Amino acid sequence: MSKPVALITGGGKRIGAAVSKKLMEMGWYVLIHVNSSVDEARKIISEFSSSNGGVECGDVLTGNLLLDSDVEELISNVINHPATISAKGLSGLIHNASIYDSIEISEVKLDDLKMNLKLHVETPFNLTLGLLDLLKSAKGCIIGMVDTSLGRSWKGLSHYTSSKAGLRQLMINLAGDLHPQVRVNCIAPGAIISADWEVEHFAKIIEEIPLGRSGNVNDIANAVQFLFESNHISGQIINVDGGWSLNQKLGV
């Protein structure tokens with residue numbers, strides 16, 4: 001019996017790497033898309049395979065998601081991949097690839113906004129439509145990685161948060177458009193630390209988190225597992241933020 005297959009964009013580092021590993025642990029075959037993190041993605045696959053009797057667990061697909069030609073090639077590579085052909089579909093699609101840079105509003109350019117919208121909205125839209133037949137065949141699940149900026153003003157990030165808002169709404173709309181064959185949800189990570197140097201960066205934010213600590217990449221991977229395995233959940237945004245979003249409701 002063939003394994004269920006998932007494609008994750010930006011799957012070679014940080015949250016993407018943790019999700020890729022979690023899916024392999026779940027018994028999935030993972031198509032790890034990367035732009036430049038090829039070595040990191042190959043290491044994820046080789047380490048998991050070698051520690052599990054040489055099991056086939058994934059493959060690396062490359063491409064710059066800011067280029068239409070690369071997106072089209074990625075779609076073609078997924079459609080024609082032996083794993084998806086064997087599985088007769090794509091059971092999971094995770095829109096995880098992201099860019100994040102703080103730019104003062106006096107310095108931000110229209111091109112900055114366009115680049116964020118391209119990666120966070122246009123590319124997920126095109127990937128979803130291009131792979132839709134595979135997703136329907138497998139009664140698949142789509143997850144969009146958004147953020148917890150909804151209703152907040154984040155200094156220096158107008159170009160970023162507006163594009164993530166676009167992804168959030170795209171996923172909600174797709175949940176309405178694609179049922180009952182395909183489920184669509186969002187995960188909104190809060191302050192997620194994946195490296196020691198980030199501790200100082202998030203120190204003030206952590207003071208505002210009701211649980212009193214940051215999250216880690218495994219918290220997000222666990223949320224992915226939950227959504228992939230919960231067949232009666234669609235159109236939802238799961239905040240994985242230690243209760244940080246509660247502050248808005250509590251007036252903190």
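Each reported figure results from applying straightforward, stated rules to the coordinates on display, with no laboratory input. Computed from a prediction, not measured in an experiment: that's the story for all the values here. In this analysis, Cβ positions are derived from the backbone assuming ideal geometry, glycine residues included, and neighbour counts consider all displayed protein chains.
Values as computed for the structure displayed
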item	result
Candidate set: segment 89-137, residues that are in a helix (DSSP H, G or I) and of a type in the set (Lys, Arg); chosen: the one surrounded by the most Cβ atoms within 10 Å (Cβ to Cβ)	LYS118
Which listed residue is of a type in the set (Asp, Glu), closer than 18 Å to ILE143 by Cβ and within 19 Å of the chain's Cα centre (by Cα), from GLU25, GLU40	GLU25
Tabulated pairs, segment 140-161, first farther than 25 Å from ASN222 by Cα, second aliphatic (A, V, I, L, M) and assigned to a helix (DSSP H, G or I), C-beta under 7 angstrom, 6+ apart or interchain	HIS159/LEU113
Residues (of a type in the set (D, E, K, R) and without any contact (Cβ under 8 Å) to a residue 24 or more places away in the chain) located in segment 40-67	ARG42, LYS43, GLU47
Among the candidates LYS109, LYS114, LYS88, residue that is over 27 Å from VAL217 (Cα atoms) and in contact (Cβ under 8 Å) with a residue 24 or more places away in the chain	LYS88
Positions within segment 49-88 being part of a helix (DSSP H, G or I), within 21 Å of the chain's Cα centre (by Cα), polar (S, T, N, Q) and surrounded by 15 or more Cβ atoms within 10 Å (Cβ to Cβ), in sequence order	ASN77, THR84
LEU23 vs. criteria in contact (Cβ under 8 Å) with a residue 12 or more places away in the chain and under 18 Å from LEU127 (Cα atoms)	no
